[in-house]
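Asks: I'd like to ask some things about the structure below.
The values are calculated or read from the model by the stated rules, or taken from the named source; none is laboratory data. Keep in mind the model is a prediction, meaning the values are calculated, not measured. Methodologically, a virtual Cβ is constructed for each residue, glycine included, from the backbone with ideal geometry; neighbour enumeration extends over all protein chains shown.
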Amino acid sequence: MLGPLALAMAEFEEKKVLELVKQALREQKLPLEIVEECRQGLKIVGERYAAGEYFLSDLVMSAEIFQEALQVLEPFLAISPISQEQPGKADIVFGTVEGDIHDIGKNITISLLRCEGFRVYDAGVDILPDIFLSILRETGARVLGLSALLTSSFESMRRTVQLIRMLAPKPAVKVLIGGLVNERVCQYVGADAWVREAGEGVAICRRWLGMRVVSTEERRALV
């Protein structure tokens, strides 16, 4: 059963979301549990969008509310954003491919990955294949996340994957794609996996990078 925070997220009740986040912190609820409830609300938004009940503007609004909630939670989370000016070491590089400037799903996924402790370099939007390759070389990242919401950008996604397969440093980089994609697109571009939902992407990255999921009981023991 969904909690009040998830329902508030799903209904775009911005003030209520922030109030519930602060209340949960006062009650000493674990920050990652709060993030997870917010994510459940985002999942509802995504499902309603897929069903035609919500529109793109609704997705944008939900992403903005989620970012506001993360700002409240950030002091309590072990989030270490990678500098965008000088790429440092990173576990994952994530960006929107050339010809596409959509970043809602990318931003949400990056936020969730950072909350899980991953070092993520946000490459931005409309990124050329050789730029992705350069960032991978500089950061040493083992996972590349590519986002696309325009079918016209699938060719760019394919070129990016082909370039990475040929020239990326060893060991081989795993490629995860997200956005308006499916299994057919995944096979066409040559990626290792595809997702439509940010939480699924986090789970795949955990598996690829060998990070064990920490249970609620273990998290509480660390507080």
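Asks: Among (1) under 29 Å from residue 70 (Cα atoms); (2) in contact with a strand residue (DSSP E or B) (Cβ under 9 Å, 6 or more places away or on another chain), where does residue 154 come up short?
Replies: (1)
Asks: Moving on. Determine which single condition residue 206 fails, assuming it passes every other condition in (1) within 19 Å of residue 39 (Cα to Cα); (2) modelled with pLDDT of 90 or more; (3) crowded, with 19+ Cβ neighbours inside 10 Å.
Replies: (3)
Asks: Right, another one. Quick check on my filter: what residues within the stretch 5-32 are free of Cβ contacts under 8 Å to residues at least 24 places away in the same chain and outside any helix (DSSP H, G or I)?
Replies: 11, 13, 27, 29
Asks: Follow-up. Tell me whether the stretch 153-171 contains one or more residues that are assigned to a strand (DSSP E or B) and surrounded by fewer than 18 Cβ atoms within 10 Å (Cβ to Cβ).
Replies: no
Every residue, every condition in (1) modelled with pLDDT under 90; (2) surrounded by fewer than 19 Cβ atoms within 10 Å (Cβ to Cβ), yes or no:
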{"residue": "2", "(1), (2)": "yes, yes"}
{"residue": "9", "(1), (2)": "no, no"}
{"residue": "51", "(1), (2)": "yes, yes"}
{"residue": "59", "(1), (2)": "yes, no"}
{"residue": "67", "(1), (2)": "yes, yes"}
{"residue": "71", "(1), (2)": "yes, yes"}
{"residue": "82", "(1), (2)": "yes, no"}
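Asks: Taking residue 91, is it within 19 Å of residue 148 (Cβ to Cβ), over 11 Å from the mean Cα position of the chain (by Cα), modelled with pLDDT of 80 or more and acidic (Asp, Glu)?
Replies: no
Asks: Restricting to the stretch 123-152, count the residues that are assigned to a helix (DSSP H, G or I) and either surrounded by 22 or more Cβ atoms within 10 Å (Cβ to Cβ) or not charged (D, E, K, R) (or both).
Replies: 10
Asks: Being surrounded by fewer than 20 Cβ atoms within 10 Å (Cβ to Cβ) and among the small types (Gly, Ala, Ser) is the requirement here; does residue 99 meet it?
Replies: Against the criterion (surrounded by fewer than 20 Cβ atoms within 10 Å (Cβ to Cβ) and among the small types (Gly, Ala, Ser)), residue 99 qualifies.
Asks: Go over the candidates 72, 45, 21 one by one and state the one that is of a type in the set (Val, Ile, Thr) and in contact with a Ser or Thr (Cβ under 8 Å, 6 or more places away or on another chain).
Replies: Just one listed residue meets the conditions, 45.
Asks: Right, next: Which of the residues spanning the stretch 86-122 are over 19 Å from residue 157 (Cβ atoms), part of a helix (DSSP H, G or I) and of a type in the set (S, T, N, Q)?
Replies: If the condition is that a residue be over 19 Å from residue 157 (Cβ atoms), part of a helix (DSSP H, G or I) and of a type in the set (S, T, N, Q), then 111 is the only one that fits.
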